[in-house]
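All remarks here apply to the structure that follows.
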Amino acid sequence: MKSLYVLFLLFTSSLANAQLISEGIQACQMGKMRAAERLATNPRARLAYPGDASIDVTYYGLDLRLTTTPNNLRGAATITLKSTVTSLNSFFLDLSTASSATEGIRVDSVKVGTQKVTFQHALNKLTITPPQPVANGQALTLTVYYQGVPSYEQESFKFDKHENTADPVIWSLSEPYGASNWFPCRDTPADKADSSSVRITAPAQFISVSNGKLISTTTNTDGTKTYFWKNSYPIAQYLISIAVSNYAQLETPFAYGSQTLPITHYIYPEDLPTVQASLATTPAIMQLFTNRFGPYPFLREKYGHAQFPRNNGGMEHQTISSMGVSALTPAVIAHELAHQWFGDKITCRDWQNIWLNEGFASYGEAVYAELVGGQMGYQTYMANFMNGARLARGSIYVQNISGQQTLSDVYNIFDPNRSYSKGATVLHMLRGVVGDSTFYKTLRTYAATPALAYSTAVTEDFQAVAQQVSGPSSPGKNLDYFFRQWIYGEGFPSYTATITGGGTSATVRLQQTNALSASPASFTMPVQMRVLSTAGDTTITVFNDQPDQTFTLSVRGTITNVVVDPNNWILKNLKTTSTLTTITDVAEPALTGLRVYPNPTAETLTVDFTLTASGPVALALTNLSGQALGQLAEPNLPSGNYSRVFNLRGVSAGRYTITVQTSAGAESRVVVVP
């Protein structure tokens, strides 16, 4: 007998101790929460979200002059807008008013062409009277001249320092309500400008970074340098950004067909050596997401990262994610890069639908985990998300937003368990319902849909795409039930599965409750059931649409076990009881090819198996709820007899299933740990 000793590592303890909030979620939420919390606790800073509906902004052009001795911003914001009403006599832009004698923005003048126009700046509104009424659909271009130090209370624009040196850094992070802290705008994600530009003049030792493509750099005679960035794609106001410091630059270009996309990383010189390896993963993640989501949305311009202080985490500014040093890891890089499709190319139309940004970007982390860790890496990542999702309260659609930027509003928008973890889990469940091919086709179609691409979306838009791609013909593929319960409902199902019968037939009674909410009282879902028998494994999908429902499963061979939701596709709690006659008998079945011994055992378990032909082999150890405790795969073994040894020390008492999958089929045995 060919003998190969393998110590099968069990991941039970690592899964149990996994953080409920992923690295990407922590980083992405961090800065948004910090800035928004300051806004929420400062009533003077609150703006009139969602802004003035009588205007539609089509262009932002910012010309910023920055100094650090003293700290000061002098700006000229050129804005083109259209009237959405019959006769626009007056309108307002969101712009924070001064919070003190030393902090805040003060407006010097507003001009239309060369003509100064009447304005009033109070209560965080810049109210402007145009020279003459503006007709519906008519465009108006104006320039607002302003200066000051954006309020520290909002922390959406800051004159700052590196963590470990005294070098200056100037940065912005405007989501959700912070853009109006440093430039006049309509501060709502629903109103995306068609394009934008940012011109930054700062001391010559600094590199100034913003969205889009670098058009020019100019060295001025006064010791300053001007960087002119132009973005030619639609952009939400909160995705416009600046980052200014004495950056070192790292280039990791991405080849797309005959085109080369610049990927440029602007990093503090003292930190570049420690993060360079992580940054080098960006092109591979870009390739992965290109395959999964479609072409990178801003191919005419660039992608990259600009470092800002550590406690800001990560922020998906369009074409240039801002990252703290602790966020420069592959998981966070994946999260923020996924946002370029979901959040930047397609932006949630309102903050109630924030899951379309954050749930999708969080799922991007799991897609990357699947690339580097295979199925086990993906399942572990999703189990982590599910642990957080079980703690979520309220619906994923954030119903409880007052619009007054209260602390409760802010936390409800960026609740890590709800908007991030449960949002990602919904996509995981959708993948389980429609299958891999249809799921990724849905994401690609959604990102490419003309009415949504480079625009905004709500849940119904994504649902319509998912329904169109999956088709209504198969049971469970009409997805209205899915979105109604998982996006607008609360909680998750707690299943009790009672398995009875024997021989070639088993009966599964599936009962469920929702302990967190009466809406819904129960969940409708296709549920996979893996039937283990002496003839091999068979997976049967049943459609569970009742709180108490019984299913009969028939297969060839004597049934040894039934595992409900073996691949953990459903967010749930599950309790399984079984009175199958074969599962209570731990004597070795009279089968050739697969032997497990000693059984029962709490020490080591030996698994002998025979390959009748060369090929791949995979071993899996699962509990009766279908959770994989570990997997082992070997891509190609010659025919012959093999032995594997599993260490079961420390495994909780109970029944487990060991499955060996070969090219000839799968065989399983029940293992008892006393």
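Which residue is nearest to the chain's Cα centre (by Cα), if the candidates are limited to the range 117-129 and must be of a type in the set (A, V, I, L, M, F, W, C) and in a strand (DSSP E or B)? Among those that are of a type in the set (A, V, I, L, M, F, W, C) and in a strand (DSSP E or B), it is Leu126.
When Tyr152 is tested against (1) out of contact with any strand residue (DSSP E or B) (no Cβ under 8 Å at 6 or more places or on another chain); (2) under 25 Å from Ser96 (Cα atoms); (3) open to solvent by 20 Å² or more (accessible area, probe 1.4 Å), only condition (1) is not met.
Can Ser533 be described as among the small types (Gly, Ala, Ser) and farther than 21 Å from Phe482 by Cβ?
Numbers: among the small types (Gly, Ala, Ser): yes; farther than 21 Å from Phe482 by Cβ: yes.
The answer is yes for Ser533.
On inspection, Thr500 fails the criterion of being open to solvent by 30 Å² or more (accessible area, probe 1.4 Å), at pLDDT 90 or above, touching a Ser or Thr at 6+ places or on another chain (Cβ under 9 Å) and over 30 Å from Thr558 (Cα atoms).
Of all the criteria given as (1) surrounded by fewer than 24 Cβ atoms within 10 Å (Cβ to Cβ); (2) among the charged types (D, E, K, R); (3) in contact with a Lys or Arg (Cβ under 8 Å, 6 or more places away or on another chain), the one not satisfied by Lys225 is (3).
Taking the range 329-365 only, how many residues are of a type in the set (Asp, Glu) and either surrounded by fewer than 24 Cβ atoms within 10 Å (Cβ to Cβ) or more than 23 Å from Pro50 (Cα to Cα) (or both)? Total meeting the criteria: 3.
Listed by position, the strands (runs of 3 or more DSSP E) contained in the range 54-116 that have at least 2 residues being closer than 20 Å to Gln237 by Cβ, at pLDDT 95 or above and under 35 Å from the mean Cα position of the chain (by Cα) are 55-68, 71-83, 91-94. Every listed requirement among (1) outside any helix (DSSP H, G or I); (2) in contact (Cβ under 8 Å) with a residue 60 or more places away in the chain; (3) surrounded by fewer than 24 Cβ atoms within 10 Å (Cβ to Cβ) is met by Leu288 save one, (1).
Look at the range 440-468 and say how many of its residues are assigned to a helix (DSSP H, G or I) and either without any contact (Cβ under 8 Å) to a residue 60 or more places away in the chain or acidic (Asp, Glu) (or both). Give the derivation first.
First, the residues of the range 440-468 that are assigned to a helix (DSSP H, G or I): 440-448, 459-468.
The next check asks that each one be either without any contact (Cβ under 8 Å) to a residue 60 or more places away in the chain or acidic (Asp, Glu) (or both); those that pass are 441-442, 445, 460-461, 463-468.
So the answer is 11.
Within the range 175-214, restricting attention to residues that are of a type in the set (D, E, K, R) and assigned to a loop (DSSP other than H, G, I, E, B), the residue that is most open to solvent (accessible area, probe 1.4 Å) is Asp194.
Got at least one residue in the range 130-149 being without any contact (Cβ under 8 Å) to a residue 40 or more places away in the chain, over 27 Å from the mean Cα position of the chain (by Cα) and open to solvent by 10 Å² or more (accessible area, probe 1.4 Å)? Yes, because at least one residue in the range 130-149 is without any contact (Cβ under 8 Å) to a residue 40 or more places away in the chain, over 27 Å from the mean Cα position of the chain (by Cα) and open to solvent by 10 Å² or more (accessible area, probe 1.4 Å).
Going residue by residue through the range 432-439, is there one that turns out to be in a loop (DSSP other than H, G, I, E, B) and either within 21 Å of Thr524 (Cα to Cα) or of a type outside the set (Gly, Ala, Ser) (or both)?
So far as the range 432-439 goes, yes, one or more of its residues are in a loop (DSSP other than H, G, I, E, B) and either within 21 Å of Thr524 (Cα to Cα) or of a type outside the set (Gly, Ala, Ser) (or both).
Annotation: Ser533 fulfils all but one of (1) farther than 25 Å from Lys345 by Cα; (2) surrounded by fewer than 21 Cβ atoms within 10 Å (Cβ to Cβ); (3) among the polar types (S, T, N, Q); the unmet one is (2). Pairs meeting the criteria (first residue in the range 378-400 and open to solvent by 30 Å² or more (accessible area, probe 1.4 Å), second residue among the acidic types (Asp, Glu), beta carbons under 7 Å, at least 6 apart or on different chains) are Tyr381/Glu365. The residues on offer are Pro638, Pro674, and the sole one that is more than 36 Å from the chain's Cα centre (by Cα), in contact (Cβ under 8 Å) with a residue 12 or more places away in the chain and within 22 Å of Gly615 (Cβ to Cβ) is Pro638. Put simply, of Ser421, Ser395 the only residue that is in a loop (DSSP other than H, G, I, E, B) and either under 17 Å from Phe289 (Cα atoms) or among the small types (Gly, Ala, Ser) (or both) is Ser395. For the range 591-607, what are the residues that are at pLDDT below 80, farther than 25 Å from Gln375 by Cβ and surrounded by 15 or more Cβ atoms within 10 Å (Cβ to Cβ)? Across the range 591-607, the qualifying residues are Arg595, Asn599.
Reported count of residues in the range 503-521, each being of a type in the set (Ser, Thr, Tyr) and touching a Ser or Thr at 6+ places or on another chain (Cβ under 7 Å), is 4.
Could you tell me whether the range 254-274 includes any residue that is part of a loop (DSSP other than H, G, I, E, B), open to solvent by less than 10 Å² (accessible area, probe 1.4 Å) and either farther than 17 Å from Gly364 by Cα or at pLDDT 95 or above (or both)? Show your work before the answer.
Taking the range 254-274 first, the residues part of a loop (DSSP other than H, G, I, E, B) are 257-258, 262, 268-271.
Add one more test, that the residue is open to solvent by less than 10 Å² (accessible area, probe 1.4 Å), and what stays is 268.
After this cut, where a residue has to be either farther than 17 Å from Gly364 by Cα or at pLDDT 95 or above (or both) as well, the list is 268.
For the range 254-274, residues part of a loop (DSSP other than H, G, I, E, B), open to solvent by less than 10 Å² (accessible area, probe 1.4 Å) and either farther than 17 Å from Gly364 by Cα or at pLDDT 95 or above (or both): present.
Phe543 meets the conditions (1) in contact (Cβ under 8 Å) with a residue 60 or more places away in the chain; (2) open to solvent by 10 Å² or more (accessible area, probe 1.4 Å); (3) touching a Pro at 6+ places or on another chain (Cβ under 7 Å); (4) not in a strand (DSSP E or B) in every case but one. The failed one is (4).
How many residues are modelled with pLDDT of 95 or more, acidic (Asp, Glu) and out of contact with any Asp or Glu (no Cβ under 9 Å at 6 or more places or on another chain) if we restrict to the range 339-362? Even if it seems obvious, please write down each step before you answer.
Residues of the range 339-362 that are modelled with pLDDT of 95 or more, as a first pass: 339-349, 353-362.
Remaining after also requiring acidic (Asp, Glu): 344, 358.
Then drop every residue that is not out of contact with any Asp or Glu (no Cβ under 9 Å at 6 or more places or on another chain), which leaves 358.
Residues meeting the conditions: 1.
Can we say Ile413 is at pLDDT 85 or above and of a type in the set (Val, Ile, Thr)? Considered against the rule, which asks whether it is at pLDDT 85 or above and of a type in the set (Val, Ile, Thr), Ile413 comes out as yes.
From the list Leu250, Leu279, Leu261, which residue is under 22 Å from the mean Cα position of the chain (by Cα), within 19 Å of Thr319 (Cβ to Cβ) and not acidic (Asp, Glu)? Don't jump to the end; show me each part of the working.
Numbers: Leu250 fails: under 22 Å from the mean Cα position of the chain (by Cα); Leu261 fails: under 22 Å from the mean Cα position of the chain (by Cα).
Residue meeting the stated conditions: Leu279.
Sort out which residues of the range 609-635 are farther than 30 Å from Leu510 by Cα, assigned to a strand (DSSP E or B) and either among the aromatic types (Phe, Trp, Tyr) or at pLDDT below 80 (or both), and write them in order of number. Passing the criteria: Phe609, Thr610, Leu611, Gly615, Leu632, Ala633, Glu634, Pro635. Every condition in (1) under 23 Å from Ser174 (Cβ atoms); (2) in a helix (DSSP H, G or I); (3) aromatic (Phe, Trp, Tyr) holds for Phe298 except the one numbered (2). Summed over the range 81-109, the residues that are within 19 Å of Pro150 (Cα to Cα) and either β-branched (Val, Ile, Thr) or open to solvent by 10 Å² or more (accessible area, probe 1.4 Å) (or both) give a count of 12.
The values are calculated or read from the model by the stated rules, or taken from the named source; none is laboratory data. On a predicted model such as this, the values are computed, not experimentally measured, just so you know. For neighbour counting, all protein chains shown are included, and Cβ atoms are generated from backbone atoms with ideal geometry for every residue, glycine included. Please note that ligands, DNA and RNA were not included when accessible areas were found on the heavy atoms of the full protein model with its side chains. Shrake-Rupley method; radii C 1.70, N 1.55, O 1.52, S 1.80 Å.
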